[in-house]
Amino acid sequence: MPAKKYDDAQPPATEPDAAPESHPGTDPGTQPDAASSAAPRTESAARFPGAESQVTLRGAVGPDYFPVALLARFPYAMMVVGVLTLVVAARDSISLGGVTSAMVGLGTAIFGPLIGAAADRWGQRRVLLIAGAASSLSLLAMAWVVYSPFGTWAVLTSAFFVGATAPQVPPMSRSRLVGVIFRELPPARQQKTMNSTMAYESAADEITFVFGPVIVGLLAATLGGAAPMIGAAILTLCFLITFALHRTADAVPKNAATDQEPAPVRSLFAPRLLVLMAGALGIGLIFGSTLTTLTSFMADLGYAERAGLVYGAMGIGSAVFALAAALFPASFSLEARWLSFGGVLLLGTVGLQFASALPILLLVLLVMGVGIGPTLVTQFSLVAERSPRGRSTTVMSLLTTAIVIGQSSSSAITGYLAEGFGTQIAALVPLVAALLIILAAVANALGVSNARDYSGD
């Protein structure tokens, strides 16, 4: 292994977070590949000036990194709901809006992992700049096509390209931070910092996935149906480019510039990773089905345009408890966390079946948020531990893609059920999604995480 900035001979750090944490089922051969591919000390120090004396993560990445990475996420989170809002406003069809949202998910499902693999191969900066330009053009084209005389085929095609060109900011941000942690921080602080970082990253995802629809609703209500797509294009140009050019883009070594061969492609389909993707798919199903069910519920009350604002209640509980996950003791294993908070989420979806008034619905959404936040943190913490060598961004992209697929597909299915059979039937979809999350958690706890991973180590 190439030299790292700190070695095991160094005395433990004296900061409060110096105590390392370990989790059952972690295979040293599948630790984040950024650690095993770390650059020599001199190169790392040159890349992150001042990191030699500053051993905190914030000091290593700079104070501007986290705000930029957060804002760069919003276009990605606004796409599915923005497309749904745009199509419903312009074509006056909820079912077409749901199918169009599903096309966004299909584009992301096919090309999202390829974008992640390209970043692993050639580096994040080049890939992000190309994807960002293509994404902005796709968003603007979609806004024009929907209001044009072109038929449904053009709307669906443009939606596919919106999903296909979506930059994978969340997984790339995680890969960068994992790389910095294992290259810049002393070993005694790495696991503790990793847990806190995954908690923050999941909270950031929650903020964008929940409040992205709120922004879409506000823009659509004040400026028209096309405003969310135009706004997402502007955000992409401004903040995605800033994220791409940030110095941390070099924290994840390019496979083309290293002597190590990445793990074989089959390692991406190991059971220990597939169970995480199933859990992430369930989270996406929760997002899409809950928002669509809520929209139907609010439409029944005569306030459909306020659905995005009410949806924010779930985001509050989710973001708060995602951040709180960093405070969980080491004895509370990742497997136990997934089971526990998956159970809370399941309880919330059961309550959703009996929510007959807005105050009850708000309480149910808060409970669901309490379950979602720590569950998402746990899934990304596990995927950071299990990423095969040279495939960190690819695996992170696969997990994020699973969320988007779940969100878009459940939006279409739930929209169809709500329009054809009513809100009560549509509310069953979040319950089914929560059951999938629990099944994945049980499979993970029963030992799928210890199955052969084909990492190539």
Practice task
Mind counting the residues in segment 51-80 that are over 19 Å from Val146 (Cα atoms), assigned to a helix (DSSP H, G or I) and either of a type outside the set (A, V, I, L, M) or at pLDDT 85 or above (or both)?
Solution key: 14
Handout entry: Pick from segment 81-98, criterion surrounded by fewer than 21 Cβ atoms within 10 Å (Cβ to Cβ) and of a type in the set (Gly, Ala, Ser), ranking: modelled with the highest pLDDT
Key = Ala90
Exercise for the section: Kindly indicate whether Gly420 is under 16 Å from Ala336 (Cα atoms) and either at pLDDT below 85 or surrounded by fewer than 24 Cβ atoms within 10 Å (Cβ to Cβ) (or both). Expected result: no
Practice task
Name the residue, out of Ala263, Ala220, Ala249, that is part of a loop (DSSP other than H, G, I, E, B) and at pLDDT below 85.
Solution key: Ala263
Practice task
Kindly indicate whether any position in segment 149-157 is under 22 Å from the mean Cα position of the chain (by Cα) and among the aromatic types (Phe, Trp, Tyr).
Solution key: no
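The values are calculated or read from the model by the stated rules, or taken from the named source; none is laboratory data. Being a predicted model, the structure only gives us computed values, none of them experimental. A quick note on method: Cβ atoms are made from the backbone with ideal geometry, for glycine too, and the neighbour counts reach across all protein chains shown.
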